[in-house]
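Only one structure is covered here, and it is reproduced in the block below.
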2 protein chains.
Amino acid sequence: MKPHMERIGALNAALVLFEWDDSTLAPPMASEQTAGIVGSLSAQLLAESTDSELKELLSEAERRSDLSPKWKAIVKEMNRQQRSLEKIPPEEYRSYRELLARASSIWQKAKKENDYAAFEPVLRQIVEYTRRFAQYRREREENLYDVLLKEYEPDFTCKDLDNFFGLLKKELVPLIRRAKKESEKIDDSFLHRSYDVEEQAKFNRYLAEYVGFDFDRGVILESEHPFTTNLHNKDVRITTHYYENLLESALFSTIHETGHALYEMGVDDDLTLTPVGGGASMGMHESQSRFYENVVGRSRAFWEPIYPRLAEAFPEQLKDVSLDDFIKAINKAVPSLIRTEADELTYSIHILIRYEVERLLMEGQVSLEELPRIWADKYEEYLGVRPTTDSEGILQDIHWAGGSFGYFPSYALGNAIAAQLYFHMRKEMDFDGLLREGKISQITEYLREHIHRFGMTKSSRELLRETTGEDFNPEYYVAYLKEKFE
Amino acid sequence: MKPHMERIGALNAALVLFEWDDSTLAPPMASEQTAGIVGSLSAQLLAESTDSELKELLSEAERRSDLSPKWKAIVKEMNRQQRSLEKIPPEEYRSYRELLARASSIWQKAKKENDYAAFEPVLRQIVEYTRRFAQYRREREENLYDVLLKEYEPDFTCKDLDNFFGLLKKELVPLIRRAKKESEKIDDSFLHRSYDVEEQAKFNRYLAEYVGFDFDRGVILESEHPFTTNLHNKDVRITTHYYENLLESALFSTIHETGHALYEMGVDDDLTLTPVGGGASMGMHESQSRFYENVVGRSRAFWEPIYPRLAEAFPEQLKDVSLDDFIKAINKAVPSLIRTEADELTYSIHILIRYEVERLLMEGQVSLEELPRIWADKYEEYLGVRPTTDSEGILQDIHWAGGSFGYFPSYALGNAIAAQLYFHMRKEMDFDGLLREGKISQITEYLREHIHRFGMTKSSRELLRETTGEDFNPEYYVAYLKEKFE
């Protein structure tokens, strides 16, 4: 089985590298021709993954009772991939991957030019492929969205999510209204002063390293939409995005992506190049990024030792800003339009909106033309703000251009998992004390020990139960937000 | 045959991207694990390239008489690759590629630390593989070095090269001695003042664009050793390397690599993603880079319109330097130790030395331990200078770490081809006049029309004959150097 695994892993890695390259470096005119290369590699990956010899080996292995936990997980994951892929006609899969390879630059241009009409035909095709593939894949009367969820959150179904988002809607929408009144009094205008981008880049590099990013095993570049990717645990790459008039944006993108990176860097050497070398689920992955971004990165204790350095990097812009002013400003919770810039309190409502829109799309209950309006209506209903352009509405996220339908809920689950871990960790260690002393590595060590190193050999809820002694429980998340914002 | 061609092309492109990434971006600790990925992709490429169905299709196609010139060239090239690869045991090939994927970072470190002993074991293995593979590949009593040459210069044999280098040795060694006396009087100390690297990067970007590099279809980054690579004609990548105290270095690296890039950008759309989408030969490729670097880039006419801009970028450093001072300095011809920094007159002698060393290595007439001494002796004999460290001697070039034995002669052939093209083009256009008016694009257009667009569908000597009306003739090169340096 190993030779198969290796070939699959290598083709996967090549696709990862092409995607990274496309988002960071590739010249503007390259994508059309490069799409053909990516299409061919994807087709080769599909052929390898659904190879009949491999299929036999896998079903044999599945029946064996003497497999180590590692190999059991590998066989399970490869079987899952195999079964999911073999139902898709190779030619359709290839066209789909070629479409995706072109889509992100079309989306990028459309967003820049506020031109939903330019992206709509591509989006329509991606939605059609996604629905069709989910139909191929579904078992019996399974909900199409549940089929998508399995790719990202094997431990969660729509029913779980409906409950989860139901709780959030009930608890957070009123909390957001109350917090808004207080928050509006906070002056965060200094965050919008002019911050030299080169200087920001320097500080963000320092910040990533401070949080624990290892430049011997990682790279930071810029991209339109910050993301993390990796070839293995010794090559982990993150991007951030600098805005001259939004100091906060790059700071928290950097910390967020560093959280993802620490997860990947923390996977055991023994697992990293195998099919179970990634995170337990996307929600578990997002729990780590959101944990570092918010629980750690928006706390006073975190900034105490390093705020002076930030103030030094921008002596003019921050001369009249105390640490307390800064902490208040980065925790200001006022509903806004852009998910990636959203405060911690409203963030999951952005996700709720996307979850509802995606459900409608997958159920075929909505036409692509109506999408911008539906999007805007939901923002108005839940957050009391309404986008006036598509760039700040329906076009803001890269996910759909990448075919990642069903991914968004992982962000909200990640927030909830992060809060659950945090409540537990506070009992195990002097959390704020460690932050105040700059000892983030001890917090990371705990997470590595309990979560990172296992890769995908344990599921997200399994890890939660083993770490916190309790199944997934979103009440902690609500409690965390109430504690912070009330 | 197309599906085979596409799969092979895509795997090749993935390997190109991994190599580019490794030289420019990848984190220091990545290479060991990434080598496994590259090894697997190479093994897949080998399997695809030697596939038995493809073999049949190719020998069928070879017998057909109705193929277009394009397809005839494709079949010929794929057959060549097939025959060359099928003789190598797959496991050996894979280990070799994995070795190469690790070797460049080992070389880089060894060079930095002046530690030949650290590189020697790797070099030994690469030499062994190279000899063994050449033995597998050779037909009858063919010279091993001739087998290597076929990869880079199918139109040239050792016999041709012996004649060629014989001429150079006879004509250039005495010319170098004579020119040295004059050159030593030239003051080029201002080139070694302190030039801010960021400012250099800005100017070099401008310079590349001025020469014709199209940033919509290309990328420039930095790497230890400047090089050009490409995925297709709309994604061409070059690197350069900045030294604070060597203004000249990045300037001429940038122009050199831009010359390579213009070749790749100029290949017909119809050919670019096929097996004959590259340059006719490495010598023809180097002829283009050396043409832009030297014939164009070291001429007074080229700098006339843009020297003021360089002087503006470095007002302090160049305030007392006239255009004439600058031109003299960049054409100073004094024997030195580093090939990539060598002047135009001595350059091919650096190549001659490498050719002789490689011949010895391939004939097994030399032990790896002796190599630094042999290298130093040859420098002393031909150029009158002797390296005192291995970093400035045997370790200076990346080529052997990349397995490129037999490549070096292409640089010297490139110089000769460039001169031959130049003598011809002077008759066809007002060469200096165009340069003085900044109309480089007209020169590039001529080369595109006669050389670039054909990719590998014509051989290097065929292109030379069709363009200049004459077979390869190194006398032009000697005449060019005499005209310039006497």
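Being under 12 Å from the mean Cα position of the chain (by Cα), buried (at least 23 other Cβ atoms within 10 Å of the Cβ) and either charged (D, E, K, R) or farther than 20 Å from B:Asp146 by Cβ (or both), is that true of even one residue in region B:405-413? Scanning region B:405-413 turns up no residue that is under 12 Å from the mean Cα position of the chain (by Cα), buried (at least 23 other Cβ atoms within 10 Å of the Cβ) and either charged (D, E, K, R) or farther than 20 Å from B:Asp146 by Cβ (or both).
Scanning region B:39-73 for residues that are acidic (Asp, Glu) and closer than 25 Å to A:Met5 by Cα gives B:Glu48, B:Asp51, B:Glu53. Would it be correct to say that A:Leu123 is surrounded by 19 or more Cβ atoms within 10 Å (Cβ to Cβ) and modelled with pLDDT of 90 or more? When the stated conditions are applied, A:Leu123 passes them. Looking at B:Leu67, B:Leu99, B:Leu144, B:Leu41, just one residue is buried (at least 18 other Cβ atoms within 10 Å of the Cβ) and over 24 Å from B:Met362 (Cα atoms), and that residue is B:Leu41. Would it be correct to say that A:Ile338 is under 18 Å from A:Glu257 (Cα atoms) and under 17 Å from the mean Cα position of the chain (by Cα)? So A:Ile338 fits the description; yes.
Does any residue of region A:374-383 turn out to be over 23 Å from A:Val478 (Cβ atoms), in a loop (DSSP other than H, G, I, E, B) and open to solvent by less than 30 Å² (accessible area, probe 1.4 Å)? No - not one qualifying residue is present in region A:374-383. Here region A:17-36 is the region considered, the condition is being open to solvent by 10 Å² or more (accessible area, probe 1.4 Å) and in contact with a His (Cβ under 8 Å, 6 or more places away or on another chain), and the residue that is farthest from the other protein chains (Cβ to nearest Cβ) is A:Ser23. Somewhere in region A:156-164, is a residue open to solvent by 10 Å² or more (accessible area, probe 1.4 Å) and either within 18 Å of A:Tyr382 (Cβ to Cβ) or in contact with a His (Cβ under 7 Å, 6 or more places away or on another chain) (or both)? For region A:156-164, residues open to solvent by 10 Å² or more (accessible area, probe 1.4 Å) and either within 18 Å of A:Tyr382 (Cβ to Cβ) or in contact with a His (Cβ under 7 Å, 6 or more places away or on another chain) (or both): present. Restricted to helices (runs of 4 or more DSSP H) entirely inside region A:168-274, those with at least 1 residues that are away from every other protein chain (no Cβ under 14 Å) are A:197-211, A:247-265. Of all residues in region A:408-415, none satisfies being without any contact (Cβ under 8 Å) to a residue 60 or more places away in the chain, closer than 21 Å to A:Ser289 by Cα, assigned to a helix (DSSP H, G or I) and not hydroxyl-bearing (Ser, Thr, Tyr). Would you confirm, using the coordinates I've provided, whether A:His285 is open to solvent by 10 Å² or more (accessible area, probe 1.4 Å) and within 26 Å of A:Lys332 (Cβ to Cβ)? So A:His285 does not fit the description; no. Checking A:Ala280, A:Ala311, A:Ala333 one by one, the residue that is among the hydrophobic types (A, V, I, L, M, F, W, C) and either at positive phi or part of a helix (DSSP H, G or I) (or both) is A:Ala311 and no other. Does A:Leu361 satisfy being over 20 Å from the mean Cα position of the chain (by Cα) and modelled with pLDDT of 95 or more? Answer is yes for this residue.
Only a single criterion out of (1) within 9 Å of another protein chain (Cβ to nearest Cβ); (2) open to solvent by 20 Å² or more (accessible area, probe 1.4 Å); (3) in a helix (DSSP H, G or I) is not satisfied by B:Ala14, namely (2).
The condition (being of a type in the set (D, E, K, R), in contact with a strand residue (DSSP E or B) (Cβ under 8 Å, 6 or more places away or on another chain) and under 27 Å from A:Asn233 (Cα atoms)) is satisfied by just one residue among A:Glu6, A:Glu19: A:Glu19. Looking at the structure I just gave you, is B:His241 open to solvent by 10 Å² or more (accessible area, probe 1.4 Å) and more than 12 Å from the chain's Cα centre (by Cα)? It is true that B:His241 is open to solvent by 10 Å² or more (accessible area, probe 1.4 Å) and more than 12 Å from the chain's Cα centre (by Cα).
The values are calculated or read from the model by the stated rules, or taken from the named source; none is laboratory data. This structure is a prediction, so every number in the text was calculated from the model and none was measured. Reconstructed Cβ throughout: ideal geometry from the backbone, glycine too, with neighbour counts over all protein chains shown. Note: accessible area is taken over every heavy atom of the protein model, side chains too, but ligands, DNA and RNA are not part of it. Shrake-Rupley method; radii C 1.70, N 1.55, O 1.52, S 1.80 Å.
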